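First up is the structure itself, then whatever we jot down about it.
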Amino acid sequence: MTRPGNPNADSGPTRSAHASESTRSASTDAVDEALKTRTMDEAPVGITIADATQSDMPLIYVNAAFERMTGYSPSYAVGRNCRFLQGEGTREKPVRQMRAAIENEEPVTVELRNYRRSGELFWNEVTIAPLRDESGAVAYYVGFQQDVTRRKRAEQAASDRATRIEHERTAQARLLERLDGIVAEVTEAVALASSREELRQAVVRSIAATYSSAWIGTYDPATETVEPHASEGDVGAAIESVSVAAGDDGERSVETAVAAAMTDRRVRLEPIGPEEPAEAAAVAAVPLHFGEAVYGVLVVYAQTEEFRRHERDVLTALGRTVAIGINALESQRTLRGDSVVRFQLALASHPLGSFSEALSCSLRHTGTVGDRGERSLLFKLDGAAEVDAETIHDAAEAADVSVHSILAAETDTPVVELSFDETPLAELIREYSGELCGWEVSEGVAVATIEVGREALARSLAADALDCLSGADLRSYRRREQAHETRREFVAEVESRLTPRQRAALVRAHTSGYFAWPHETNGDEIADSMGVTRSTFHQHLRAAQRKIAAAIFER
């Protein structure tokens with residue numbers, strides 16, 4: 001009888017009568033049952049086996065990936081029908097498809113919404129296939145599960161984005177029926193631009209051709225200033241940056257106009273000041289905002305004060321058109337992975353800050369490992385050479401932090417592997433599709449570095465964090481263009497080749513000074529921290545090193 005859990009044991013093309021016995025042995029006998037079982041247990045996708053001979057088809061096997069994905073342990077899942085993953089959000093159609101395939105004894109692949117043990121909804125791509133016994137009757141059903149939530153969210157986001165762009169195009173068409181001249185010129189410049197810089201230059205050229213002169217500035221929410229980026233014509237004395245907090249107290253009329261326009265999100269008009277261009281009579285600041293995202297300001301100089309009374313609608317249309325162009329460019333670059341917004345949030349109240357303060361040292365984030373039931377972080381304790389293990393554990397308990405292991409304990413900078421319960425910041429990052437890239441912790445303050453692909457999402461995430469998190473402060477905020485191939489992409493590609501154990505062994509070895517000479521730690525110490533034998537640790541480490549070398553030389 002075919003062994004459950006080995007759906008391929010009796011499959012494959014018919015062998016030639018001339019095939020040698022050694023060939024058959026190499027493809028079947030050489031792979032023992034233990035290796036087949038280990039392959040299923042360590043597979044990166046969820047695998048389940050259900051007993052088709054029982055009325056409710058209970059599960060008789062689930063692998064580790066299934067438990068990681070759903071939160072349900074084998075002791076809970078085995079003996080139950082897999083419908084315990086379903087709930088109110090599960091649509092009936094894919095369930096009917098699976099039921100029909102089982103009745104027809106056929107394989108099928110569906111995508112449906114399931115629930116983790118925590119109650120969290122996720123998209124599950126499920127493939128089920130029948131396994132037959134020696135008589136040809138279906139004895140088992142093997143299932144493969146893969147979490148495709150991120151892909152489904154990306155598809156939905158792309159659909160929503162296309163709908164919004166289509167709505168904006170419709171609104172823009174109505175606008176152009178009412179306005180012509182300068183709006184048409186700027187719209188053409190926006191449509192033809194392939195980058196933000198090209199868009200800025202084209203817009204100010206179009207404006208200056210009709211009015212006296214113009215410049216565009218970008219808003220930096222971390223410093224609350226507008227930084228000029230592109231100009232055309234005489235814009236008067238040089239402007240390095242304009243504080244949005246200046247309001248009506250700006251020293252120059254252009255500063256007053258810019259600050260008011262950014263604060264009120266409306267066009268602000270001001271008579272020209274003594275330090276402004278001599279041929280100009282008025283200046284207008286036009287906020288560039290799309291939805292909740294404020295990209296900056298367009299400053300326009302006019303030669304007559306008639307400009308102040310008759311052209312507010314035209315300026316509003318200009319700002320809207322430019323903002324739509326910037327948003328469209330951002331969307332394109334986000335889809336291609338060409339740009340990202342990176343900012344830092346300082347948190348005065350965080351478990352890492354409390355842990356650092358209790359030890360009177362700084363924490364330097366050096367890696368993240370995922371071979372436990374929860375993600376754990378590796379930190380070097382800078383300035384904690386005299387701190388012993390007992391002190392570290394006491395500080396962790398006081399800060400509500402879990403210490404899993406202490407590596408390189410006898411060196412000047414011990415390495416601590418720790419984890420902590422999910423914080424509101426982690427929930428916000430997940431909600432806005434952000435990525436937590438690292439931590440810097442000192443003097444009781446934890447600074448998180450966060451990356452978000454869309455500027456609108458980045459601004460919303462930063463704003464919500466400042467509103468919701470006590471003592472939060474925005475330290476820096478900048479847009480970063482990525483070149484192909486980026487370091488992050490290469491690292492992600494290499495890491496995709498590593499198993500969780502291989503990556504964990506590599507990170508721990510590197511962080512704890514195992515590769516230094518003389519060794520700052522030894523294989524026994526690292527193996528103990530992983531809960532494996534020294535020989536197993538070395539097997540994982542050598543496998544990881546081989547894969548890294550292969551990735552480098554394949555380039």
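For the reader, a short list of remarks on this structure follows.
- For Glu120, the conditions (1) loosely packed, with under 14 Cβ neighbours inside 10 Å; (2) over 30 Å from Gly71 (Cβ atoms) all hold with the exception of (2).
- Residues within segment 181-209 that are under 37 Å from the mean Cα position of the chain (by Cα) and not in a helix (DSSP H, G or I), tallied: 3
- Within the option set Leu378, Leu428, being surrounded by 19 or more Cβ atoms within 10 Å (Cβ to Cβ) and under 24 Å from His540 (Cβ atoms) holds for one residue only, Leu378.
- Within segment 290-308, the set of residues being of a type outside the set (A, V, I, L, M), in contact with a strand residue (DSSP E or B) (Cβ under 7 Å, 6 or more places away or on another chain) and modelled with pLDDT of 75 or more comprises Tyr295, Gly296, Tyr301.
- The listed residue being more than 23 Å from the chain's Cα centre (by Cα) and more than 30 Å from Glu435 (Cα to Cα), out of Leu85, Leu59: Leu59
- Matching residues, segment 150-160, being touching a residue at least 24 places away in the same chain (Cβ under 8 Å) and surrounded by fewer than 15 Cβ atoms within 10 Å (Cβ to Cβ): Arg151, Arg153, Ala158
- Scanning segment 379-396 turns up no residue that is part of a helix (DSSP H, G or I), more than 23 Å from Ile526 (Cα to Cα) and either out of contact with any Leu (no Cβ under 9 Å at 6 or more places or on another chain) or assigned by TED's automatic domain parsing to the domain that holds Asp524 (or both).
- Of all residues in segment 267-295, those that are farther than 16 Å from Ser231 by Cα have Cβ atoms under 6 Å from Cβ atoms of residues that are modelled with pLDDT under 80 and in a strand (DSSP E or B), 6 or more apart or on another chain, in Ala282/Ala302.
- First in segment 499-515 and on the phi > 0 side of the Ramachandran plot, second anywhere and assigned to a loop (DSSP other than H, G, I, E, B), Cβ under 8 Å, 6 or more apart: Gly513/Ala408; Gly513/Thr411; Gly513/His519; Gly513/Glu520; Gly513/Thr521
- Subset of segment 361-378 (residues that are of a type in the set (Gly, Ala, Ser), part of a strand (DSSP E or B) and at pLDDT below 85): Gly367
- Evaluating Ala398 against the criteria (1) in contact with a helix residue (DSSP H, G or I) (Cβ under 8 Å, 6 or more places away or on another chain); (2) surrounded by 16 or more Cβ atoms within 10 Å (Cβ to Cβ) leaves one unmet condition, (2).
- Sole exception among (1) under 30 Å from His510 (Cα atoms); (2) in contact (Cβ under 8 Å) with a residue 24 or more places away in the chain; (3) in contact with an Asp or Glu (Cβ under 8 Å, 6 or more places away or on another chain) for Glu435, by number: (2)
- Considering Ser405, Ser419, the condition of being among the hydroxyl-bearing types (Ser, Thr, Tyr), outside the structural domain of Leu329 (by TED's automatic domain parsing) and under 30 Å from Phe122 (Cα atoms) is satisfied by Ser419 alone.
- Verdict on Thr48 being in contact with a Cys (Cβ under 7 Å, 6 or more places away or on another chain), in the same structural domain as Val110 (by TED's automatic domain parsing) and either at pLDDT below 95 or not in a loop (DSSP other than H, G, I, E, B) (or both): yes
- Of the helices (runs of 4 or more DSSP H) lying entirely inside segment 453-536, the ones with 2 or more residues being more than 30 Å from Glu224 (Cα to Cα) and touching a strand residue (DSSP E or B) at 6+ places or on another chain (Cβ under 7 Å) are found at 500-511, 523-530.
- So Val95, is it in a helix (DSSP H, G or I) and either more than 28 Å from Lys36 (Cβ to Cβ) or assigned by TED's automatic domain parsing to the domain that holds Thr48 (or both): yes
The values are calculated or read from the model by the stated rules, or taken from the named source; none is laboratory data. Remember, it's a predicted structure, so these values are computed and weren't measured experimentally. Note: ideal-geometry Cβ built from the backbone for every residue, glycine included; neighbour counts use all protein chains shown.
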